[in-house]
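The values are calculated or read from the model by the stated rules, or taken from the named source; none is laboratory data. Since the structure is predicted, the reported quantities are computational estimates derived from the model, not experimental observations. Counting neighbours? That spans all protein chains shown, and the Cβs are built from the backbone with ideal geometry, glycine included. Accessible surface is based on the protein model in full, side chains and every heavy atom, while ligands, DNA and RNA are left aside. Shrake-Rupley method; radii C 1.70, N 1.55, O 1.52, S 1.80 Å.
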Amino acid sequence: MNRPVFRFAPSPNGDLHLGHAYSALLNQQMAASVGGRLLLRIEDIDLARCTPQFEAGIARDLEWLGIAWETPVRRQSEHFEEYAGLLGRLIADDLVYPAFMSRGEVRAAIAEMEASGKGWPRDPDGAPLYPGLDKQLGKRERERRIKQGDPFAWRLDTDRAAAGIGAALTWTEFSDVTVGSVRNVAAEPELWGDVVLARRDVATSYNLSVVADDALQGVTHVARGLDLYSATAIHRLLQALLNLPEPLYHHHRLIAGPDGRKLSKSQHDTGIAALRSAGFSPNDIRRMVGLDMT
Ligand code: GLU
């Protein structure tokens, strides 16, 4: 029987904090409970913010926590061509379009809509949806603008893509630790509007590369924070469009800071390295995130 495959997939754009420690430890525990494997994937497509120093810090912190992972580690920055290949399939299927509207144009279009008394929909993270006025451009006009060097991003035509799937889109959410019980969740990719799949400066996106890599690495169980719960709808849509296997998902609780607010990479008092220097032990960290088993 194939062993279940779990992964921890941090971005090396800051120090790991208690929330990451919880996620990594939970993946380790779940993998162990079902005799599964644990992979580490470095999600470093943002070359401007990710650094080898942060990546080294991640490895140091995970080792210190007692987490072992398989090597070689997959580094997304080494696979831009593979993501471009998947994007090429979506371009060929006419499911993405070059979006030329600048931030200012987007803001103005939304302000105009709102001024006429209409509300403007926002995505689950609270950002206004892309107005997509340029979706109507004909093929020749698109090609002309691309040729003349107008900046653009490739956006998914989400409504069209979802309509093309035909069947209702769902994902399977598995329960904590035992990885035992599962439930079906209705996926609503339309809530996100036309998401960016590739930009001029970064030739992929989180959504595209996470789906590509989970498939390529044979990941069967994705356990990650609740902040990514709604994004799973986009991942399921991309998997359906690209014919990729569907992993099971578990979205775990988020660890709050001492002030009750969400942790961020800039809050150094909850950084794993800072806690280590302050004399805390790996077991203290387990206790702090509620994973102490003793
Ligand atoms: N790289 C993402 C993060 O650091 C996690 C992606 C995922 O687990 O799907 O938030």
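Computed quantities for the displayed model
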{"read-out": "Condition check for D259: in a loop (DSSP other than H, G, I, E, B) and either away from the ligand (no atom under 12 Å from the Cβ) or in contact with a helix residue (DSSP H, G or I) (Cβ under 8 Å, 6 or more places away or on another chain) (or both)", "value": "yes"}
{"read-out": "Test: residue in segment 41-58 that is open to solvent by 20 Å² or more (accessible area, probe 1.4 Å), over 20 Å from the mean Cα position of the chain (by Cα), in contact (Cβ under 8 Å) with a residue 12 or more places away in the chain and within 19 Å of V210 (Cα to Cα)", "value": "no"}
{"read-out": "Scope segment 206-225; condition closer than 16 Å to L25 by Cα and aliphatic (A, V, I, L, M); matching residues", "value": "V222, A223"}
{"read-out": "Pairs where the first residue, in segment 181-210, is within 16 Å of the ligand (Cβ to nearest atom) and part of a loop (DSSP other than H, G, I, E, B) and the second is modelled with pLDDT of 95 or more and of a type in the set (F, W, Y), C-beta under 6 Å, 6+ apart", "value": "A187/W171; T204/Y83"}
{"read-out": "Residue tally, condition under 16 Å from R160 (Cα atoms) and loosely packed, with under 10 Cβ neighbours inside 10 Å, over segment 115-137", "value": "1"}
{"read-out": "Boolean, E114 is farther than 28 Å from A198 by Cβ, part of a helix (DSSP H, G or I) and free of Cβ contacts under 8 Å to residues at least 24 places away in the same chain", "value": "yes"}
{"read-out": "Scope segment 3-21; condition more than 24 Å from D46 (Cα to Cα) and in contact (Cβ under 8 Å) with a residue 40 or more places away in the chain; matching residues", "value": "P4, V5"}
{"read-out": "From L38, L16, residue being over 21 Å from N207 (Cβ atoms) and near the ligand (Cβ under 10 Å from one of its atoms)", "value": "L16"}
{"read-out": "Criterion: within 13 Å of V96 (Cβ to Cβ), among the charged types (D, E, K, R) and surrounded by 17 or more Cβ atoms within 10 Å (Cβ to Cβ) - qualifying residue of R224, R155, R199", "value": "R155"}
{"read-out": "Positions within segment 214-230 being in contact (Cβ under 8 Å) with a residue 40 or more places away in the chain and within 9 Å of the ligand (Cβ to nearest atom), in sequence order", "value": "D214, V222, A223, R224, G225"}
{"read-out": "Of residues in segment 160-180 being in a helix (DSSP H, G or I) and of a type in the set (G, A, S), the one farthest from A240 (Cα to Cα)", "value": "A163"}
{"read-out": "Residues satisfying the stated conditions in segment 202-213, i.e. open to solvent by less than 10 Å² (accessible area, probe 1.4 Å) and closer than 19 Å to W171 by Cα", "value": "L208, S209, V210, V211, A212, D213"}
{"read-out": "The listed residue being among the hydrophobic types (A, V, I, L, M, F, W, C) and modelled with pLDDT under 95, out of L133, L87", "value": "L133"}
{"read-out": "Residue that is least open to solvent (accessible area, probe 1.4 Å) [pool: residues in segment 231-244 that are away from the ligand (no atom under 12 Å from the Cβ) and either among the small types (G, A, S) or in a strand (DSSP E or B) (or both)]", "value": "A233"}
{"read-out": "Any hit, segment 60-74, residues being without any contact (Cβ under 8 Å) to a residue 60 or more places away in the chain, surrounded by fewer than 21 Cβ atoms within 10 Å (Cβ to Cβ), within 16 Å of the ligand (Cβ to nearest atom) and among the acidic types (D, E)", "value": "no"}
{"read-out": "Which listed residue is touching a Gly at 6+ places or on another chain (Cβ under 7 Å), touching a residue at least 40 places away in the same chain (Cβ under 8 Å) and on the phi < 0 side of the Ramachandran plot, from L169, L156, L129", "value": "L129"}
